[in-house]
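Peer 1: I have a structure I would like to understand better, so I am pasting it below and will then ask my questions one at a time.
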Amino acid sequence: MEKKNDNFIMLPTVDVCFKGLMNNPKVRKGFIAALLKIDPDTINETRLLPTALRQAYIDDKLGILDVRVMMEDKSQIDMEMQVAYFEYWDARSLFYLSKIFTDQLKRGEPYDNLKKCIHVSILDFVHFEDDKNCYRTICFCDEKTGKKYTDLMEIQILELKKLPADLKSGEDIIKWMRFLGGKTRKEFEDMAKTDEYIEEAYKELEKMSADERAKLEYEARERAIRDYNSQMKSALKRGEQKGIERGLQKGVERGLRKGIERGLRQGVERGLQQGKAMGIRLGERSKLREQTKKKLEKGLSVEEIADMLEEDIETIRSVENELREEAENS
């Protein structure tokens with residue numbers, strides 16, 4: 001009989017778990033208050049909306065969000081938990097934000113009916129590699145003055161991988177990021193002591209982790225994520241190897257013909273650099289052979305040629321030997 005793992009705890013970075021947490025009104029209220037930097041007591045209502053975005057035409061791209069919330073003032077917040085690296089995440093988040101923004105109006109309605117829409121990206125990978133900021137808010141603003149153009153659209157990005165181990169910030173959103181990025185029961189327990197809403201999230205996490213049906217759904221999603229990551233890693237490895245081989249081959253061929261005047265414009269950067277370097281060496285050797293041959297034919301000694309070409313004597317001597325062997329075998 002299989003032994004039950006009583007210490008099992010779901011991880012919020014798995015989207016089905018995150019959705020389950022946000023189904024709890026108190027948890028949702030606490031997290032949204034942290035995002036908006038307001039007192040949770042000022043939030044009277046947060047209502048979950050369908051996560052499949054409306055399609056105006058049958059061939060429109062389908063948008064499916066993790067969590068979509070309408071506030072009391074009709075403003076909307078959509079949240080997405082993303083574990084695997086996504087190359088075009090900026091375009092994806094703009095697509096979803098634009099969809100929920102434009103979906104607010106029906107035909108003939110005035111623009112002043114539009115309410116603020118916020119897209120929240122919770123990423124378990126590094127999206128902005130050039131800085132250490134783990135949390136940022138992005139909006140439309142004047143490029144020169146920095147003045148905000150509109151308050152109607154906003155993007156918030158939480159990069160869980162950038163949270164330093166020794167970060168002591170008391171910001172509520174940082175506390176939530178620590179909780180959402182937790183990997184052990186002990187981490188969740190510690191964060192539950194810092195905030196009543198995070199404590200509620202931990203209770204909900206325990207409840208879901210004890211539910212066999214929820215656990216099966218969670219484990220199926222975990223397997224799907226692992227399979228996807230494994231497939232992407234394998235595809236990347238195969239592509240890199242083929243790129244290296246192709247780059248090396250083309251680099252050598254072009255180096256022999258043109259002395260690598262131009263590098264390969266295709267293939268993997270590693271293959272390009274290695275192929276180009278090899279071609280340059282061959283081209284330089286060919287040029288040295290030609291110069292040495294001409295000067296030997298003029299009767300100059302190895303020492304004199306080495307001095308004129310600013311090469312060491314052994315290199316010129318090895319070229320002389322190569323030329324002599326070729327002449328004898330021809």
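Peer 1: With a cap of 15 neighbouring Cβ atoms within 10 Å, and only residues DSSP puts in a loop, list the trypsin sites (Lys or Arg not before Pro) found in the range 79-176.
Peer 2: Of the trypsin sites (Lys or Arg not before Pro), the ones in loops of the range 79-176 whose Cβ has at most 15 other Cβ atoms within 10 Å are LYS106, ARG107, LYS115, LYS132, LYS144, LYS147, LYS168.
Peer 1: Same structure, new question: Just to verify a number: FRET efficiency for ASP39 and ASP103, C-beta to C-beta distance, R0 = 41 Å, to 0.05?
Peer 2: Efficiency, from the Cβ-Cβ distance: 0.90.
Peer 1: At 7 Å along the Cα-to-beta-carbon direction for both ILE138 and ALA84, put a label point, then send me their distance in nm to one decimal.
Peer 2: 2.1
Peer 1: At R0 = 22 Å, how high is the FRET efficiency between PHE95 and ALA210 if r is their beta carbon distance? Nearest 0.05 is fine.
Peer 2: 0.05
Peer 1: Let me ask something else about it. So what are the ³J(HN,Hα) numbers for the range 299-315, from phi and the Karplus equation (6.51, -1.76, 1.60; θ = phi - 60°), rounded to whole Hz, Gly and Pro as x?
Peer 2: Values per residue, Gly and Pro as x: x, 6, 7, 4, 5, 5, 5, 4, 5, 5, 8, 6, 10, 6, 4, 5, 5 Hz.
Peer 1: Any idea how far apart GLN241 and ARG47 come out in nm if each label point goes 7 Å out from Cα toward Cβ?
Peer 2: 5.6
Peer 1: Thinking of the range 15-210 as a set of Cα atoms, what percent of all their pairs are more than 24 Å apart?
Peer 2: The proportion of pairs with Cα distances above 24 Å equals 42 percent.
Peer 1: Something else now. Any idea what the alpha-carbon Rg over 2.2 N^0.38 Å comes to for the range 98-138?
Peer 2: Relative to the rule-of-thumb radius for its length, the range 98-138 sits at 1.73.
Readers should treat all values here as calculations from the given coordinates under stated rules, not as data from a laboratory. This is a predicted model, so every value here is computed, not measured. Reconstructed Cβ throughout: ideal geometry from the backbone, glycine too, with neighbour counts over all protein chains shown.
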